[in-house]
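The values are calculated or read from the model by the stated rules, or taken from the named source; none is laboratory data. Nothing here was measured: the structure is a model prediction, and the numbers come from that model. Cβ placement follows ideal geometry from the backbone for every residue including glycine, while neighbour counts extend to all protein chains displayed.
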Amino acid sequence: MKKLIILGAGTAGTIMLNKLQNTLDLNEWQITIVDMFETHYYQPGFLFIPFGVYAKKDVIKPKRDFLPPGSNVVMCEVERIEPENNRLVLKNNAILNYDILIIATGAKIKPQETEGMKDKLWHKSIFDFYTIEGSCALANFFKHWKGGNLVINITEMPIKCPVAPLEFAFLADWFFTEKGIRDKVNIHFVTPLPGAFTKPRASGILGDFLSKKNINLTTEFSVGRVEHEPQKIVSWDEREIPFDVLVTIPTNMGDDVIARSGMGDELNFVPTHKETLQSIEHQNIFVIGDATNLPSSKAGSVAHFQADILTENLTSFIEGREMIAKFDGHANCFIESGFGKGILIDFNYDTEPLPGKFPLPGIGPFSLLEETKMNHYGKLMFRWTYWNFLLKGLELPIESNMSMAGKRL
Ligand SMILES: Cc1cc2nc3c(=O)[nH]c(=O)nc-3n(C[C@H](O)[C@H](O)[C@H](O)COP(=O)(O)OP(=O)(O)OC[C@H]3O[C@@H](n4cnc5c(N)ncnc54)[C@H](O)[C@@H]3O)c2cc1C
């Protein structure tokens with residue numbers, strides 16, 4: 001039998017396994033999925049944990065619950081990919097050969113990339129909310145915090161879910177207002193970008209939200225180091241911002257296995273064809289989700305759209321046909337804006353977020369680039385959709401390629 005391996009059973013790998021199980025001829029193809037951890041984390045839920053909206057139990061489930069019964073599952077860290085030998089070398093020295101490999105190893109934070117970040121203040125007055133440990137530690141800290149300078153800082157782009165830091169700032173405004181200490185908390189959003197977000201039109205609108213909510217914004221700040229006494233972040237051009245609590249979004253990088261295999265760029269992301277999702281270097285390797293070096297957002301919704309394209313292209317590749325399905329960079333993100341409201345953005349490589357209605361033109365029920373209660377419900381519903389539809393690779397009422405229907409230019 002021919003062998004297809006999916007490396008990574010996170011969002012993208014799990015969706016791909018579910019799709020391929022129903023697409024490939026299983027008399028001809030043996031599909032194996034490899035991961036090093038048994039637990040699946042609903043990462044979008046990490047945002048809500050510091051504010052007591054979700055607890056740890058709300059964001060974790062066993063990975064195997066989402067893998068089709070009877071799948072070949074290998075639970076072990078992959079030490080190395082050897083593309084020239086078409087094989088994986090596992091940490092326990094076992095070898096897995098493949099005819100086709102799908103890399104879905106995701107991205108993770110590397111606070112140690114910034115001097116002074118992962119030091120004695122880590123999870124004491126410097127926190128992340130991109131890991132379960134970080135978001136739970138911050139939840140405990142916020143329970144007793146009496147106020148001061150809260151600095152939210154993006155170290156560098158790209159990061160997973162680029163709107164999550166803004167959502168954190170909006171939720172912090174809501175949370176401390178509800179606690180009755182908003183006047184004692186100075187919220188400061190510090191970003192290396194020239195505005196609040198990566199895309200100019202949305203950036204203007206989201207920047208206005210920050211100022212309406214009395215959140216300070218500092219742009220073009222590239223953090224070079226963290227100093228502890230007194231506590232401050234210092235940029236490469238020696239600007240200083242003091243903090244009592246630093247919520248950092250550290251450098252995001254691809255998994256170390258990519259570096260160990262000599263397959264990544266300087267951030268360990270795998271060079272990938274932006275439309276077909278084939279690896280640039282190796283024809284029988286495909287890449288999906290956060291592991292790619294693509295200029296699309298690193299988001300679960302993106303992995304879901306990519307999975308449709310990749311399934312089609314893999315079928316063509318196996319049958320020796322031209323790969324004609326094209327990923328257009330489609331991303332769709334609900335932005336929680338606090339006080340029971342949210343904003344929705346829908347965009348791709350070429351079209352920036354535009355106002356309008358989504359998914360039904362003129363009807364919605366969701367509104368693009370506008371703050372509504374319905375968008376907030378959409379964000380909360382995303383968790384249910386994620387566990388019940390998205391991971392299982394089931395169809396959602398959203399096209400994989402972005403549609404202009406309902407958008408206003
Ligand atoms: C705070 C936060 C908020 C977010 N909010 C949203 C949101 O609102 N909407 C949205 O769509 N997305 C959101 N995301 C992003 C979303 O969670 C990710 O983009 C998505 O999970 C990426 O899927 P992936 O499969 O590429 O990576 P992952 O789901 O991270 O999976 C990678 C898998 O590979 C495995 N792996 C890696 N290396 C190895 C190895 N060497 N050996 C074996 N296994 C390995 C890992 O164990 C892991 O299971 C958010 C993320 C965060 C952190």
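Looking at (1) among the β-branched types (Val, Ile, Thr); (2) without any contact (Cβ under 8 Å) to a residue 60 or more places away in the chain; (3) surrounded by fewer than 22 Cβ atoms within 10 Å (Cβ to Cβ), which is the one condition that is false for Ile318?
The failed condition is (2).
Residues that are touching a Phe, Trp or Tyr at 6+ places or on another chain (Cβ under 6 Å): find the strands (runs of 3 or more DSSP E) completely inside region 335-409 holding 2 or more of those.
Numbers: elements: 341-347, 356-360, 364-368.
Fully inside region 335-409 and qualifying: 341-347, 364-368.
Which pairs turn up if I take residues in region 12-30 that are modelled with pLDDT of 95 or more and look for partners that are in a helix (DSSP H, G or I) and of a type in the set (A, V, I, L, M) with beta carbon separation below 6 Å, at least 6 apart in sequence or on another chain?
That search, which allows pairs on different chains as well, returns Ala12/Ala303; Ile15/Ala307; Met16/Ala307; Lys19/Ala307.
I want to confirm something. Restricting to region 10-38 and keeping residues that are of a type in the set (A, V, I, L, M) and under 13 Å from Gly393 (Cα atoms), which single residue is nearest to the ligand (Cβ to nearest atom)?
Restricting to residues being of a type in the set (A, V, I, L, M) and under 13 Å from Gly393 (Cα atoms), the top hit is Ala12.
Which one is nearest to the ligand (Cβ to nearest atom) among residues in region 39-59 that are over 20 Å from Ala12 (Cβ atoms) and among the aromatic types (Phe, Trp, Tyr)? Walk me through it before giving the result.
Just the residues of region 39-59 that are over 20 Å from Ala12 (Cβ atoms), to begin with: 48-58.
When the remaining residues are screened for being among the aromatic types (Phe, Trp, Tyr), the result is 48, 51, 54.
Working: Phe48: 9, Phe51: 12, Tyr54: 11 Å.
The selected residue is Phe48.
Does Gly329 satisfy being at positive phi and under 18 Å from the mean Cα position of the chain (by Cα)?
Against the criterion (at positive phi and under 18 Å from the mean Cα position of the chain (by Cα)), Gly329 qualifies.
Please indicate, with yes or no, whether at least one residue in region 278-288 is within 18 Å of Gly10 (Cα to Cα), assigned to a helix (DSSP H, G or I) and within 12 Å of the ligand (Cβ to nearest atom).
No, the conditions are met nowhere in region 278-288.
Quickly run through region 123-140 and pick out the residues that are within 11 Å of the ligand (Cβ to nearest atom), surrounded by fewer than 24 Cβ atoms within 10 Å (Cβ to Cβ) and not hydroxyl-bearing (Ser, Thr, Tyr).
Within region 123-140, Asp128, Ile132, Gly134 qualify.
Looking at Lys91, Lys108, Lys120, which one is of a type outside the set (S, T, N, Q), near the ligand (Cβ under 9 Å from one of its atoms) and surrounded by fewer than 16 Cβ atoms within 10 Å (Cβ to Cβ)? Walk me through it before giving the result.
Numbers: Lys108 fails: surrounded by fewer than 16 Cβ atoms within 10 Å (Cβ to Cβ); Lys120 fails: near the ligand (Cβ under 9 Å from one of its atoms).
Within the list Lys91, Lys108, Lys120, the selection yields Lys91.
Please determine whether any residue of region 150-157 is of a type in the set (Ser, Thr, Tyr), on the phi < 0 side of the Ramachandran plot, more than 11 Å from the ligand (Cβ to nearest atom) and in contact with a Leu (Cβ under 8 Å, 6 or more places away or on another chain). Steps first, please.
Kept after step one, since they are of a type in the set (Ser, Thr, Tyr), are these residues of region 150-157: 155.
Now narrow it down to the ones that are on the phi < 0 side of the Ramachandran plot: 155.
Filter again for more than 11 Å from the ligand (Cβ to nearest atom), leaving 155.
Adding the requirement that they be in contact with a Leu (Cβ under 8 Å, 6 or more places away or on another chain) leaves none.
No.
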